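What follows is a short report on a single structure.
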Amino acid sequence: MTDSALVLHPDILRPGHPPGLRAPEARLDEAVGLAAAIGLKVAHSEVVAVKQVRPATLVGGGVVERFQETIAENDITVVVVDTALSPVQQRNLEQAWDCKVIDRTGLILEIFGARARTKEGKLQVELAALSYQRSRLVRSWTHLERQRGGVGFMGGPGESQLEIDRRLITERITRLKKELVQVQRTRGLHRGARQRVPYPVVAFVGYTNAGKSTLFNRLTEAKVLARDQLFATLDPTMRRVVLPSGQVVILSDTVGFISDLPTDLVAAFRATLEEVLEADLILHIRDAAHPDSRAQQADVQAVLADLGVSEGAEHLFEVLNKCDLLSTEEKARLALRDAEQPKAVLCSALTGEGCDQLLAMIDNELSAKRLQVALSLPLSEGAALSWLYDHGEVLQRRDDGLGCQLDLKIAQNDLQRYLKKFPEIAAKNEELLRIYGNRRQIKEKQLESG
């Protein structure tokens, strides 16, 4: 049976502070979407003006009484309060309304707990949830006056139930952190392996439900879960894509961001988000048709800044998605903006509009970072020639009786791989000698990269 829910967004008035980028109604709509994401049936939703925060209940006594009637009339079993509640506020509201009360942090943790699929994702969510729960034991237990005796790990004489629960949670958190270190070490090994077989990595970031997974599927022909739902994707996914020039890249789809993301979750998912820091290009996917697109942009930029990626980072680009939902006038306005700001692309993951331009932009940016070199090799070395065609962009080819001369663009790491894979051919090449020095230095390069 689906739980019936009441969703409240407290619009807390702060004298002397400018209003937020989002309208309270938009915040409420997002909270309703979050509630629906875990299968709650929202019977009633409302913005509640809070002129003065009450330490005991957050909202005033009259508001508490008014919603007692709403809860009873609609058989509501869960109330979602779209802000952070203290343990005392949560306990008092549950007692007053005689139903379960969860705040924004608890709601997001519920969603993450239901959606995580990989071992790392599950460990990260459990770690964040336990850190959250540990601060609320005072709310969770009504039998804290009980004293328990015992020996060994069961607790010493006079240890209260609260102390036992807190200690057990702390021990579990310690074990989880150790497990996460091991999983993160494995992720680091995988990252190192990708660097040894180095394809450029392009990471997708953005607000939840901005269309990242749909765009990812469009460009990679993958089948990543893509729904019109908040936090449909939690676990990072990577796929290989061939760009128009023939260059191969790895696209990485990551967890969506959201305003007021719980601190414990940001900390727990930091290792996953570090994939973004390793990326050659970061594409900030925005929902161009969303009324709060600017506010969502600011939230994503805040999380990126916390990770160490500044707003003006050279490798950070914007993709204005869902242009199929825009009017002709809005498209024209954004297209003009794109012309003035070359680090933005307008597209639609659903219809494919603009996706070719997006791939071309990725291709051009990565191509600009490649070396342009002139290489020569015998025509009999077909394997080496084929390898260069696969891993570089051949600009010009000249064949004569002595062999084949190529002008090509190639990544620095790929050039080093060429040295390692075809050392005898590479050591005779004047261009490589100019770049890497004499044959002994080439050999040293091979040892370094091997």
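A compact table of results
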{"item": "Inter-probe distance in nm under a simple model that places probes 7 Å from Cα toward Cβ, at GLU69 and ASP98", "result": "1.7"}
{"item": "Label point distance in nm, SER310-GLU163, each placed 7 Å from Cα along Cα→Cβ", "result": "5.1"}
{"item": "Inter-label distance for LEU379 and ASP260, nm, one decimal - labels placed 7 Å from Cα along Cα-to-Cβ", "result": "7.2"}
{"item": "Theoretical FRET efficiency, 1/(1+(r/R0)^6), r = Cβ-Cβ of GLN396 and GLU221, R0 25 Å, to 0.05", "result": "0.20"}
{"item": "Greater than 22 Å apart at Cα, pairs in LYS41/LYS212; LYS119/LYS177; LYS212/LYS322", "result": "LYS41/LYS212"}
{"item": "DSSP-loop trypsin sites (Lys or Arg not before Pro) across the stretch 83-130, with at most 14 other Cβ within 10 angstrom", "result": "ARG117"}
{"item": "Anisotropy class of the stretch 4-109 from Cα gyration tensor, a/c 1.5 cut", "result": "oblate"}
{"item": "Rounded FRET efficiency, nearest 0.05, which uses the C-beta distance separating TRP387 from THR186 and R0 of 30 Å", "result": "0.50"}
{"item": "Contour minus Cα-Cα distance for ARG134 and ASP3 (0.36 nm per residue)", "result": "44.6 nm"}
{"item": "Extended-chain gain in nm, criterion 0.36 nm per residue less alpha-carbon gap, ALA332 and ALA56", "result": "94.2 nm"}
{"item": "Cleavage-rule hits (GluC sites (Glu not before Pro)) in the stretch 300-335: DSSP loop, at most 14 neighbouring Cβ within 10 angstrom", "result": "GLU311, GLU314"}
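Every number here is computed from the coordinates shown, using simple stated rules; none is lab data. The model shown is predicted, which means the values in this text are computed figures rather than measured ones. Reconstructed Cβ throughout: ideal geometry from the backbone, glycine too, with neighbour counts over all protein chains shown.
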